[in-house]
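Here is the structure we will look at, set down as structure tokens.
What follows is calculated from the coordinates using simple rules that are stated; it is not laboratory data. It should be emphasised that the depicted structure is a prediction, and the values quoted were computed from it without experimental measurement.
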Amino acid sequence: MTICFKPIPTEIARHYQAGGADANGQAPERVIAAAGTNPCRHCLTMIPEGAPMLILAHRPFPAPQPYAEIGPIFLCAEACEAPADGDAMPQILASPDYIIRGYSADHRIVYGTGAVVPTARIEVEAEARLADPAVAYCHVRSARNNCYQLRIERA
């Protein structure tokens, strides 16, 4: 099976970059990026030190519902480009491990699919979860703070 790493959609990134309200109804905060610690959820690269960035509350689901977690993310303050293809491990996955969790087509957690996995195994673990027809996609989240990183789908 081939998988694809998916950033937040460009139209959502542009909404936030234009000052649009986040998932809490607030304008994104504009700050300056620290060295190598701020992963952009749209271009899937680290925001360069000293560059303007946004901090905002994001809900990576189409609508509110009990499993639709909201949490903080970083985003380049200026328009950035999503990766042309999603077949390579994104630069932002630089920590030693992450939470990976499968979701159904109706955006509910598929129980038994969540685990903290070493970064080197994300692709293998995602493929295993996506082999289950009940799993429509996976989220990758920070193992320490549970922050949303990106989505993985079947290619």
Open item on the list: Taking 0.36 nm per residue of sequence separation and subtracting the Cα-Cα distance, how much length would be gained by fully extending the chain between Thr37 and Gln65, in nm to one decimal?
Closed with: 7.0 nm
Open item on the list: Viscosity 1.567 mPa s, temperature 4 °C: give me the Stokes-Einstein translational D for the range 86-154 in µm²/s, with Rh taken as the Kirkwood radius over C-alpha pairs.
Closed with: 109
Task: the chain: mean projected area of Cα convex hull, nm² - done: 8.5
Task: Net lengthening on full extension, Ile55/Ile109 (0.36 nm per residue, minus Cα-Cα) - done: 16.9 nm
Open item on the list: Placing one identical point scatterer on every Cα of the range 9-76 and ignoring solvent, what is log10 I(q)/I(0) from the Debye formula at q = 0.16 Å⁻¹?
Closed with: -0.51
- [ ] Show that you can apply the helix-only estimate: for the chain, add -39,500 (n - 2.57) for every DSSP H stretch of four or more residues, divide by all residues, and state [θ] at 222 nm to the nearest 500.
- [x] -3000 deg cm²/dmol
Task: Average Cα contact separation per residue, the range 1-133, under 8 Å, 6 or more apart, as relative contact order % - done: 23
Task: Most mobile of His42, His15, His107 in a GNM of the chain (Cα contacts under 10 Å) - done: His15
